[in-house]
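Below is one structure, written out as structure tokens, with a few remarks after it.
Read-outs throughout are calculated quantities, based only on the coordinates presented, and are distinct from any laboratory measurement. Keep in mind it's a predicted model, so treat the numbers as computed, not measured. Please note: Cβ atoms are built from the backbone with ideal geometry, for glycine as well, and neighbour counts cover all protein chains shown.
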Amino acid sequence: MLNQNNPEPVEWATNCFAWSLLDNKNASVLREKMGQNTKEQLHMHITSTQLFYILEGEAHLQVDGEIVVLKQGESITVNPMSEHKIENRGSAAIEFLVISTPPHSNDRVNIE
């Protein structure tokens, strides 16, 4: 059984954490938490399609230059080769799932 305390989170940026819930040859599922006023680097994935599902808070997701605001219970799909990044512009943490198929490991290309 997995929960937020098992496995240990990986801190991928200051005050940004990820928990791996599934990682096999077909898909990966991450639960992520971003602290207030944080963002990730603009990037793309060569073959992975990703679904971002907001569990808590409000996220700003930039996809191919367009900003989409997602609230709790909302999701968006990001296709391969789409430049994207997620941001937390708020004063509280956000939590979300990232479902990637195929898995996004070794598939990321940083843009900025």
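Overview of values
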| item | result |
| --- | --- |
| Selected residue [of a type outside the set (Val, Ile, Thr), more than 12 Å from the chain's Cα centre (by Cα) and assigned to a strand (DSSP E or B)] from 51, 22, 55 | 22 |
| Subset of the range 72-98 that is among the hydroxyl-bearing types (Ser, Thr, Tyr) and not in a strand (DSSP E or B) - its residue that is surrounded by the most Cβ atoms within 10 Å (Cβ to Cβ) | 82 |
| Count - residues of the range 71-104 that are free of Cβ contacts under 8 Å to residues at least 24 places away in the same chain and either in contact with a Ser or Thr (Cβ under 7 Å, 6 or more places away or on another chain) or not basic (Lys, Arg) (or both) | 3 |
